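What follows is a short report on a single structure.
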Amino acid sequence: MTSITFQLKNISVNSGVAVSLFTQKYIIAWKNLTDTKPIPSAFDISEVDFVGYEGPIITIKCIIDSVNLSNYLTYNQLIDFVTRRTNDTYLKLLNNGNGLGGRPTSGYSSTVSNTLDTTNGFKVQLKSFTITSNKSEDDNENKLNCDLVFTETA
């Protein structure tokens, strides 16, 4: 099985140098936006129209290691990423060194690029994070489990 590596980058964090996430698992969720029109005075299936979609939600389960910090996300960097007020944060998925992902080739507004920036990755906003400790596992007492929740943005 190949390893999964994400890189997180913002010009205002870590001098603009991308940091890697020690990834355990990731989830990408998609939600279409619909307009549901009930049929008055009838107990029947409603008419549903597609009206768009939300930016994909990307949840990454990773580890923050408080001892081996080289090239991996630290707690202080995490705080820097989550407090950025601009949409200049990029998330890049690397698998065997190849960037994966990107927008579909159709269905997006012409004002938004429909191609993945292969240099930087997805433009995202870090919405939230949760950290839990691994104190019950002797060999992982310096490692923290971290759930990062991003949403793709234009």
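Values quoted throughout were computed directly from the atomic coordinates according to the rules given, and no laboratory measurement underlies them. Because the structure is a prediction, the values reported are computed rather than measured. Note: ideal-geometry Cβ built from the backbone for every residue, glycine included; neighbour counts use all protein chains shown.
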Restraint check, LYS92/LYS143; LYS9/LYS127; LYS123/LYS143, Cα-Cα greater than 18 Å: LYS92/LYS143; LYS123/LYS143
Mean Cβ neighbour count within 10 Å, used as a protection proxy, ranking 4-11, 15-22 highest first: 4-11, 15-22
Farthest toward positive dipole pole in region 29-82 [+1 Lys/Arg, -1 Asp/Glu at C-beta], among ASN76, GLY55, PRO40: ASN76
PHE50 paired with THR86, simple spin-label distance in nm, labels 7 Å along Cα-to-beta-carbon: 3.5 nm
